[in-house]
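Computed from the coordinates by the stated procedures, all read-outs in this text should not be read as laboratory data. Computed from a predicted structure; not experimentally measured. As a convention, Cβ positions derive from the backbone with ideal geometry for all residues, glycine included, and neighbour counts pool all protein chains shown.
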Amino acid sequence: MSIKTSNLNLKQRMEKNLSDLFMRASIAHAQDWINQKREDRYVELGHFEKWRDLAADIRSHVLDNLDYYLDQFAENAQKAGSIVHFALDGREAIRIASEIFQQRHAKKAVKSKSMVTEEIGLNEALEDMAVEIIETDLGEYLLQVDGKDKPSHIVVPALHKNRRRIRDVLAEQKGYKGDDVPENMTRFVRGILREAFLSADIGVTGCNFAVAETGTIALMTNEGNGRFATSIPKTHIVFMGMERIVPTFKELDIMFSMLARSAVGARASVYMSLITGPRTQTESDGPEELHLIIIDNGRSKVLSSPFKNVLRCIRCGSCMLECPAFRHIGGHGYGVLYSGPLGAALVPVLAGYKEHKDVTRICSLCGACNDVCPVKIPLYESIMEHRRIIAEDEKLTSWIQDAAYSLYGKIIGNSMLYQAATKLASLANWAPRFGPLKEWAKAREVPKLPGKRFRDWFAKHKAKEDKA
Amino acid sequence: MEISFFVTCIADSVLTNVGVKSVELLEKLGCTVSFNPKQTCCGQPLANTGYQEKAKKSMRVLIDALLEDECEYAVAPSGSCVLQVKEFPRFFKGDPVWEPKAKLLADKTREISDFIVSVLNVTDAGAELHGRAAYHPSCHMSRLLGVKEAPLQLLEHVKGLDLVPFKGQDKCCGFGGFFSVNMADLSGAMVTEKVRNIADAGVEYLIGADGACLMNIEGRIRQEGLRIKVLHIVEALMTTA
Amino acid sequence: MTIREQFIRAVGKALGRSELPTAPVPLSYCHTVPMGVMKDSDQDELARAFIEYSKVIGADIFETARDALRDTVRQAVDLCGPGAVIAANDPLLRELLPALALATKRTIRFWNEGEPREEKIRFAERAALGIAVAKLALAESATVLFFSNENCGRSVTLLPESNVYIIPKSVIRSRLTQGMAFVREYKDRLPSSVNFVSGPSATSDIELVRVVGVHGPVRVAYIVVHDA
C-alpha cells in the first residue's frame with residue numbers, strides 16, 4: 001500500500017514544508033490563479049449550485065447501486081472485447097498486471113497519470129520485474145526523473161518544482177542542453193517521450209469514468225500522452241477504482257463538465273477520449289488487447305461506512321486548491337497520496353485510522369472545501385466525525401491528551417468549577433509559557449486577561465439597574 | 001424584547017469589553033437583557049477535537065442556563081458559538097430529554113448582528129467611527145451559519161467608516177479552536193498571511209464578529225507591532241463621536 | 001462463484017445486500033439546466049461562439065464557403081511546416097486533397113492506404129500534418145468530435161505536428177450535453193475510440209506556465225465551412 005508518501009512524522013513534515021518557501025509561493029499562486037479561473041467558468045456557466053446538485057445526485061445514485069452498475073459495466077466491457085479483471089486489493093491488482101506483462105512479453109510501458117496506480121505502488125512493483133515504466137504526463141515525468149519525487153497536488157503534481165531545478169534535473173539525467181524556459185523544456189521532453197510512445201509494449205492509464213451502459217472507459221487529458229498510451233502500444237491496461245462509474249453518456253456530460261471546470265478552470269480538457277474495447281479487426285492503430293483492472297482496495301469498506309459520500313469524489317483537486325492549510329504545506333505536508341480535505345476525509349477510513357489519524361489534524365474546519373466540491377461531499381462533517389472516531393471509538397489519542405481534555409470538559413461542565421477557574425484565570429498572565437501557551441506564542445502575542453470578567457461587570461450593571 | 005445573553009467563554013474572561021458592549025448595545029436598541037451566570041462554554045473546541053462526549057456536560061449546562069430565563073431569544077456575540085448551539089440537537093439526537101431542549105434553544109439562539117438586523121430590523125445603530133477598516137468574515141459565521149450580510153449592513157451605516165476589501169478576505173485566519181495550539185506552526189502561517197493582507201490594505205481598524213478570530217488576528221498584529229486596532233463589531237457599533 | 005461474482009457480492013454486502021439487485025430506477029434529473037445552455041442560439045450564433053472560443057484555446061481559425069474550401073485548406077496547410085500529409089479517408093478530402101498534393105508538392109496519404117500497422121503509424125508520426133473532417137462540433141468549448149475506424153485512425157488526429165480540421169457549420173451543436181447525446185445514439189455500435197478534441201495539446205505543469213504543444217499536435221487549425 002503506497003498511500004503513505006513520507007516517512008517523516010507530522011511535526012517533521014510541518015517543519016519541512018513550512019520552510020519550503022518556493023513551494024508555498026507556488027501553491028499560493030496556483031490556488032489564486034486556478035480558483036479564479038474556476039470561479040469564472042462557473043459564473044459563465046451559471047447555476048453552479050444546480051450543476052452541483054445534479055453531479056452529487058448522479059454520484060450518490062451510482063454508489064447506492066454500485067453492485068448493479070459494476071456488473072453492467074463488466075458485462076458490456078466484455079461484450080466490447082475488453083478483458084475485465086477484478087482486484088480486491090492492490091496486491092491482487094499488481095499480480096494481475098504482472099501476469100499481463102509476462103504474457104505479452106512486455107518490457108517497456110508508458111503510463112498516463114493514474115492516482116489509483118500510485119495508490120497500489122504499481123511502478124515500484126513493475127520495476128522489480130525489470131519492466132521500464134515511464135510516466136508521460138509532463139509533471140509526473142519530471143517527478144519520476146527527479147529521484148522519483150512524489151506529487152504535491154493531484155492535478156498539477158510538480159507544482160513544488162521550480163524551472164531551474166527542472167532544467168538541472170533534465171540536464172543531469174537526460175542530457176538536456178537548453179535553458180529553463182518551460183516551452184523549451186517541454187519540447188525536449190516531447191522528443192524523448194515520442195520514442196517511448198512508439199516503442200512501448202504496453203500503455204497504462206487510469207480511468208476518469210467508466211460508462212456502465214456500454215463498457216466504455218472515459219479519459220480526460222490535455223497533453224496527448226493519454227491518447228498515445230491508448231493508441232500506439234499493442235496492449236492497453238486500464239486501472240480503475242471501482243467507484244468511478246457513470247450509468248450512461250448522459251451523466252458523463254455532467255461529470256466531465258464539472259471536472260474540467262473544477263480541476264483547472266477550463267470549459268473542457270483538450271482530449272476527452274471514450275474507449276470501448278480494443279481495436280476492431282479493420283483498424284490499424286489502437287490496442288490489440290484491452291485489459292481493465294477494477295480495484296477495490298478499501299473502497300467497499302468506505303462504502304459500508306458512514307463516509308460513503310466521500311466516494312463521490314471525482315478527483316478534481318478543487319478542495320485542495322481552496323484549503324488554507326494546503327496552501328502552506330502542499331500535498332507533501334499531508335504525507336499521504338490523497339491530500340488536502342479529500343485526504344483528511346478519505347484516508348483514515350480507506351487505509352486505517354491507526355496509521356493515518358494525524359491527517360485529520362491538518363484542518364482548521366473552515367468549511368471552504370464544502371463550498372467548492374462539485375459533488376457536494378460533506379468534507380467538513382467527515383473530518384469532524386473522523387476526529388470523534390479517533391478520540392472516542394478507536395481511542396487513538398494519547399492518555400495525556402485525554403486527561404487534559406477530560407479536565408477541560410469537567411471544568412466547563414460545572415458552573416461552580418468554571419466560575420472558580422475563570423476567577424483565577426488572570427493568574428495565567430504571569431504563567432510561564434509552556435504547553436499550549438508556548439505553542440500559541442510562537443506566532444502571536446498571548447492576550448492579556450483583564451482580571452475582571454464580563455460576569456463581574458454584569459452583576460454590578462444589573463445591581464445599578466435594579467436600583468434605578 | 002427580552003433576551004438571554006450568551007456571553008461566550010472568550011468574551012467572559014478575555015475580550016470582556018465585547019460582552020460589555022454587546023449588552024450596552026442591545027439595551028440601547030430597546031432590549032431587556034438577562035444574563036444567567038450559570039452558563040459556561042458551548043464546548044465547541046472540545047467537540048471539534050473529537051471529544052464530543054466530554055463536551056456534552058457543558059452543553060447541558062449551557063442549555064439549562066440559557067433556557068432558564070424563558071426569554072424569546074438567546075443572543076451571543078460570536079458566530080462560531082451560535083453555530084455550535086445550532087448543532088446541539090444533532091449531538092443529543094435520540095435523547096428524549098435533551099434533544100427537545102436542545103432544539104428549543106437552537107431555534108431561539110442568534111448571533112448578535114444577525115439578531116439586530118433580522119429581528120430588531122435595525123441597520124443603523126447610530127455609531128460614528130472615522131477611519132479605514134477591514135472586515136474579517138469568520139468562517140463558521142459566514143460559511144456555516146450563513147450570516148454574511150448583516151454585519152456589513154451594520155458597518156455600512158457607521159458614520160465615517162470606510163470599509164475596504166482586502167486580499168484573501170474570505171480565507172480562514174487559522175484559529176480553528178485547539179488547532180491554533182495543536183498545529184501551531186501551520187496556524188501561525190495562516191494568521192501571518194491574513195495579517196499581511198490586512199496590513200497591505202492600509203487600514204486602521206480590523207473589525208470582526210467572532211472573538212476567537214479576533215484574539216488570533218490581534219495576537220499576530222501585536223507581535224508584528226502593527227498599528228491596527230482590532231475591534232469586535234459591537235465595539236465599533238457602540239462608538240460615537 | 002467467479003471472481004467477478006465474488007467481487008460484486010462484496011460490494012453488495014457493503015451496501016447491505018446479499019443478492020445482486022435488478023436494475024435500479026434510472027436516475028431522473030432534478031432539473032434540465034444543462035439542456036438549456038445556448039438553447040435559443042441558431043446555427044450562425046453557434047458558429048460564431050465556436051469561432052470566438054477557438055481563438056481562446058489557441059487554435060488557428062478559418063472561415064470559408066464550400067466553393068472556396070479548396071483554397072482555404074491550401075492556406076491552412078501552407079502555414080504548417082514542410083512534409084507529408086496524413087488524411088482521413090473521407091469523400092470530401094478525397095475530392096480536395098489530390099490537387100492540393102500536386103500544387104504543394106507534398107505526399108498525401110489516406111489512412112486506409114498502406115500497411116502494415118507499424119508503417120502506417122510511422123508515416124503519421126513523420127507527417128507534417130493530419131487532416132480530418134469533424135463528425136460533430138461543440139460551440140461552448142470549440143471542440144470537435146472524431147470517431148476512429150479503418151478510415152480515420154487515432155493517429156491522424158494525434159501524431160502529426162499539426163492538424164487541420166474541417167467543420168461543416170451544420171454539425172456545430174451547443175455543448176457537451178449534445179455531444180454526449182450524439183455519441184449515445186451509437187451506443188450499440190460504438191467505435192473502439194471516440195475523441196472530443198479541443199484545440200492543440202497543452203500543459204501548465206511547469207510553474208503553471210501554459211505551454212501549447214506537448215505530446216499531441218502542437219498546432220491545430222479549424223476550418224468552419226459556412227454553407228456545409
Debye log10 I(q)/I(0) for the range C:135-228, one point scatterer per Cα, at q = 0.11, 0.13, 0.22 Å⁻¹: -0.35, -0.49, -1.20
12 Å beta-carbon shell around A:TYR141, net charge (K/R +1, D/E -1): -1
Net charge dipole size for the protein assembly as shown [Lys, Arg +1 and Asp, Glu -1 on Cβ; Debye, nearest 20]: 1740
The range B:123-237, relative contact order [Cα under 8 Å, separation at least 6], %: 33
Out-of-range pairs (alpha-carbon distance over 27 Å; input A:LYS423/B:LYS21; A:LYS148/A:LYS395; A:LYS301/A:LYS395; B:LYS171/C:LYS55): A:LYS148/A:LYS395; B:LYS171/C:LYS55
Residue (of A:CYS323, B:GLN52, A:GLY298) at the positive-pole extreme of the protein assembly as shown, dipole from beta-carbon charges: B:GLN52
Relative contact order, percent, chain A [alpha-carbon distance under 8 Å, six or more residues apart]: 20
Difference of contour (0.36 nm per residue) and Cα-Cα distance, B:MET1 to B:ASN197: 66.5 nm
Projected area averaged over orientations for chain C, convex hull of C-alpha atoms, nm²: 17.6
Kirkwood Rh and Cα Rg combined as Rg over Rh, evaluated for the protein assembly as shown: 1.02
A:SER304 versus A:TRP430: modelled label distance in nm, points set 7 Å from Cα along the beta carbon direction: 6.0
Backbone N within the range B:175-198 under 13 Å of label point (7 Å from A:LYS11 Cα along the Cβ vector): B:182-185
Residue-averaged [θ]222 nm for chain A, counting only DSSP H segments that reach four residues, each worth -39500 (n - 2.57): -15500 deg cm²/dmol
Charge-dipole axis of chain A as Lys and Arg at +1 and Asp and Glu at -1 on Cβ define it, positive-most pick from A:SER364, A:VAL169, A:ALA468: A:ALA468
Shielding by partners - mean other protein chain Cβ count within 10 Å, residues of C:11-20: 6
DSSP-assigned coil residues among GluC sites (Glu not before Pro) in the range B:1-93, each with at most 15 further Cβ atoms within 10 Å: B:GLU70, B:GLU72
Gyration tensor (alpha-carbon) shape descriptor, the range A:46-300, a/c threshold 1.5: oblate
Neighbouring partner chain Cβ atoms per residue of C:28-35, average, 10 Å criterion: 5
Sequence ranges C:106-118, B:199-211, ranked by mean other-Cβ count within 10 angstrom, highest first: B:199-211, C:106-118
Unit charges on C-beta of K, R, D, E only; dipole of chain A, Debye: 2340
Extreme residue, positive dipole direction of the range B:123-237, given options B:THR123, B:PRO165, B:ALA209 (C-beta unit charges): B:PRO165
Sum of side-chain charges, C:LEU102 neighbourhood, beta-carbon under 13 Å (Lys, Arg +1; Asp, Glu -1): +4
Length released on extending from A:HIS105 to A:LYS354, taking residue separation times 0.36 nm less the Cα-Cα span: 85.6 nm
Only Lys, Arg (+1) and Asp, Glu (-1) charged, at Cβ; the range C:113-179 dipole about Cα centre in debye: 340
Distance (nanometres) between label positions extended 7 Å along Cα→Cβ at C:ARG189 and A:LYS4: 5.5
Value at 222 nm in deg cm²/dmol, rounded to 500, when DSSP H runs of n ≥ 4 in chain C each add -39,500 (n - 2.57): -9500 deg cm²/dmol
Mean ellipticity per residue at 222 nm, deg cm²/dmol - from DSSP H runs of n ≥ 4 across chain B, formula -39500 (n - 2.57): -13500 deg cm²/dmol
3J(HN,Hα) from dihedral phi, the range B:34-46, Karplus parametrisation 6.51/-1.76/1.60, rounded to Hz, x for glycine, proline: 10, 10, 8, x, 6, 5, 10, 9, 6, x, 4, x, 6
Between the range A:426-468 and the range A:324-351, the alpha-carbon center distance in angstrom: 37
Cα gyration tensor category, rounded, prolate or oblate, for chain A with a/c compared to 1.5: prolate
Relative packing of peptides C:35-41, A:8-14 - highest average C-beta neighbours within 10 Å first: A:8-14, C:35-41
Relative contact order of chain B, defined on C-alpha pairs under 8 angstrom at six or more residues apart (%): 21
Compactness index (Cα Rg / 2.2 N^0.38 Å), the range B:64-111: 1.07
Peptide A:181-187, shielding by other chains (average Cβ, 10 Å cutoff): 5
Distance from the range A:167-227 to the range A:120-145 (C-alpha centre basis), Å: 12
Spatially proximal lysines relative to B:LYS167 (Cα-Cα < 28 Å; intrachain offsets below 8 disregarded): A:LYS16, A:LYS37, A:LYS161, A:LYS376, A:LYS442, B:LYS148, B:LYS159, B:LYS194, B:LYS229
For C:ILE61, distant residues with modelled amide H under 5 Å away: C:TYR222
Separation of the B:LYS38 and A:LYS410 label points, Cα + 7 Å toward Cβ, nm: 2.2
The range C:31-39 - phi-based ³J(HN,Hα) in whole Hz, Karplus 6.51/-1.76/1.60, Gly and Pro as x: 6, 10, 3, x, 5, x, 5, 6, 4
